[in-house]
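**Student:** Here it is: the structure, laid out below.
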Amino acid sequence: MRLIKCKNPDEVSKEAAKIIAGQMALKPDSTIGFATGSTPVGTYKILIDMYKNGELDFSKITAFNLDEYYPIEHKNDQSYYYFMRDNLFSHVNIDPENCHIPNGEAKDADAECAEYDKLIQEKGGIDLQILGIGQNGHIGFNEPDENLFCATHKTKLTDNTIEANSRFFATKEEVPTHALTMGIGEIMKARRIILLATGKNKQQAVKALLNDYLNTNVPATMLKLHSDVVLICDEDALS
Ligand code: PGA
């Protein structure tokens, strides 16, 4: 795992954007795995600026999102469907047909998840996966547990995650209790992975990533088994 140490969240965003832009330059028809949450928003802003300056072309890019609340309507402004349009997709020339997000409106969650993994396979797998990390060490919505799922699946959110995400909702009770998430196995199939971590509240999770143990109670530690992970952290997350 390669570590890029940054001074602050702005630098983290710049480093991440550089890697994503590099991937797009090397392979204009890349399949990119996108993440939601506060951490990658700065990176997406830079990508939008680069697109507007004519430096990036999303026309052949395929996007797969890591996760989505379940159930949730697309039109809910807290859905990740809404988030990705708001923070990236509607500002660049990506083809909406190529933007894939687990469907929070699906009637049959298991069928949706199986279909999602099949589609990733059909598109040739993910070239570059962008990840954030939860305070509890989750990646996607793979929450700390004795067992971790490989495939995309429906999962119950932990209290810690509900609490952390309640900042986006009017009340904690409004946070969905479940989600659809790519599993650890699907994430690990990505050819390259970048993980962004900023802020003091990520210190514990980052520390676990940098020590020598695999621990299903810190799901991100599974990334130690991947051969091409870049961890991009600011000083607060590292100290
Ligand atoms: P955050 O979320 O970027 O909003 O901190 C990260 C995550 O929960 O994976």
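The values are calculated or read from the model by the stated rules, or taken from the named source; none is laboratory data. Just so it is clear, the model here is predicted, and its values are computed rather than measured. We place every Cβ from the backbone using ideal geometry, glycine too, and count neighbours over all the protein chains shown. In case anyone asks, the SASA skips ligands and DNA or RNA and just uses the protein heavy atoms, side chains included. Shrake-Rupley method; radii C 1.70, N 1.55, O 1.52, S 1.80 Å.
**Student:** So what are the ³J(HN,Hα) numbers for the stretch 218-234, from phi and the Karplus equation (6.51, -1.76, 1.60; θ = phi - 60°), rounded to whole Hz, Gly and Pro as x?
**Tutor:** For the stretch 218-234, the Karplus curve yields 10, x, 4, 5, 4, 5, 4, 7, 8, 8, 9, 10, 10, 9, 10, 10, 8 Hz.
**Student:** Express in nm, to one decimal, how much length is gained between Ser166 and Lys200 on full extension, taking 0.36 nm for each residue of separation and deducting their alpha carbon distance.
**Tutor:** Additional length available on full extension: 10.4 nm.
**Student:** Sum up the charges of everything whose Cβ sits under 12 Å from the Cβ of Val12, counting Lys and Arg as +1 and Asp and Glu as -1, but leave Val12 out.
**Tutor:** Local charge sum for Val12: -1.
**Student:** On to the next question. Residues of the stretch 71-97 with amide nitrogen under 17 Å from the 7 Å Cα-to-Cβ point of Glu105?
**Tutor:** Those under the cut-off are 71-86, 96-97.
**Student:** Past 18 Å, Cα to Cα, is the threshold; run Lys123/Lys156; Lys7/Lys52; Lys118/Lys189; Lys5/Lys207; Lys7/Lys202; Lys156/Lys207 against it and keep the listed order.
**Tutor:** Long pairs (Cα-Cα over 18 Å): Lys123/Lys156; Lys7/Lys52; Lys156/Lys207.
**Student:** Out of residues 5 or more away from Leu195 or on other chains, whose amide H comes under 5 Å of its own, with H placed 1.01 Å from N in the peptide plane?
**Tutor:** Here the answer is Leu131, Val230, Leu231, Ile232, since their amide H atoms fall under 5 Å of that of Leu195.
**Student:** So what is the 222 nm mean residue ellipticity for the chain from helices alone, if each DSSP H run of at least 4 adds -39500 (n - 2.57) and you divide by all residues, rounding to the nearest 500 deg cm²/dmol?
**Tutor:** -9000 deg cm²/dmol
**Student:** Taking the Cα centre of the stretch 83-155 as origin, work out the dipole magnitude from +1 charges on Lys and Arg Cβ and -1 charges on Asp and Glu Cβ, in debye rounded to 20.
**Tutor:** Dipole about the Cα centre, nearest 20: 160 debye.
**Student:** What would the Debye equation give as log₁₀ I(q)/I(0) for the stretch 119-186 at q = 0.18, 0.19 Å⁻¹, counting only Cα atoms as equal point scatterers?
**Tutor:** -0.74, -0.80
**Student:** Accessible area of the chain with a 1.4 Å probe: how many percent of it is carbon plus sulfur?
**Tutor:** 48
**Student:** Under a GNM of the chain (C-alpha, springs under 10 Å), which listed residue has the highest mean-square fluctuation: Gly185, Gly33, Gly125?
**Tutor:** Highest fluctuation of the listed residues: Gly185.
**Student:** Enumerate the amide H contacts of Thr31 below 5 Å, restricted to partners 5 or more residues apart or on another chain; note that Pro and chain-start residues carry no placed amide H.
**Tutor:** Under 5 Å from the amide H of Thr31: Thr62, Asp127, Leu128.
**Student:** Size of the dipole of the stretch 1-86 about the Cα centre, Lys and Arg at +1 and Asp and Glu at -1 on the beta carbon, nothing else charged, in debye to 20?
**Tutor:** 320
**Student:** How would Tyr116, Tyr82 line up by accessible area, probe 1.4 Å, largest first?
**Tutor:** Tyr82, Tyr116
**Student:** Under a Cβ-Cβ cut-off of 13 Å, what is the net charge of the residues other than Tyr80 that fall near it, where Lys and Arg count +1 and Asp and Glu count -1? Each step should come with its number before you reach the end.
**Tutor:** Values: positive: Lys75, Arg85; negative: Asp67, Glu68, Glu73, Asp77, Asp86, Glu105.
With Lys, Arg at +1 and Asp, Glu at -1, the net is -4.
**Student:** On to the next question. Enumerate the calculated ³J(HN,Hα) couplings along the stretch 115-129 in order (Karplus 6.51 cos²θ - 1.76 cosθ + 1.60, θ = phi - 60°), each rounded to whole Hz, writing x wherever the residue is Gly or Pro.
**Tutor:** Computed from phi, the couplings for the stretch 115-129 are 5, 4, 5, 4, 5, 4, 4, 4, 7, x, x, 8, 7, 9, 9 Hz.
**Student:** Still on this structure: Taking 0.36 nm per residue of separation and subtracting the Cα-Cα distance, what length does fully extending Asp159 through Asn217 add?
**Tutor:** Gain on extension, Asp159 to Asn217, equals 19.4 nm.
**Student:** If you don't mind, there's one more thing I want to ask. Ordering Leu231, Leu225 by how much accessible area each has at a 1.4 Å probe, largest first, what is the list? Intermediate results must be reported in sequence, preceding the final value.
**Tutor:** Working: Leu231 0, Leu225 120 Å².
The ranking, largest first, comes out as Leu225, Leu231.
**Student:** When the chain is fully extended, how far beyond the present Cα-Cα distance does Glu146 get from His74, taking 0.36 nm per residue of separation?
**Tutor:** Between Glu146 and His74, full extension yields 22.7 nm more.
**Student:** How big is Rg to Rh over the stretch 1-147, alpha-carbon atoms, Rh as the Kirkwood inverse-mean-distance radius?
**Tutor:** Here Rg/Rh amounts to 0.95.
**Student:** Below 13 angstrom from the Cβ of Phe168, what's the summed charge of the other residues (Lys, Arg +1; Asp, Glu -1)?
**Tutor:** -2
**Student:** Moving on. May I ask you to give the solvent-accessible area per residue for the stretch 53-178, in square angstrom, as obtained with a 1.4 angstrom probe?
**Tutor:** Accessible area per residue: 49 Å².
**Student:** Dipole size in debye (nearest 20) for the chain around its Cα centre, Lys and Arg Cβ +1, Asp and Glu Cβ -1? Don't skip to the answer; put the middle values down first.
**Tutor:** Values: 25 positive and 35 negative charges, 152 e Å.
The dipole magnitude comes to about 740 debye.
**Student:** What GluC sites (Glu not before Pro) in the stretch 54-145 are in a loop by DSSP, with at most 15 other Cβ atoms within 10 Å of the Cβ?
**Tutor:** For GluC sites (Glu not before Pro) across the stretch 54-145 that sit outside H, G, I, E and B with at most 15 neighbouring Cβ atoms in 10 Å, the list reads Glu55, Glu73, Glu105.
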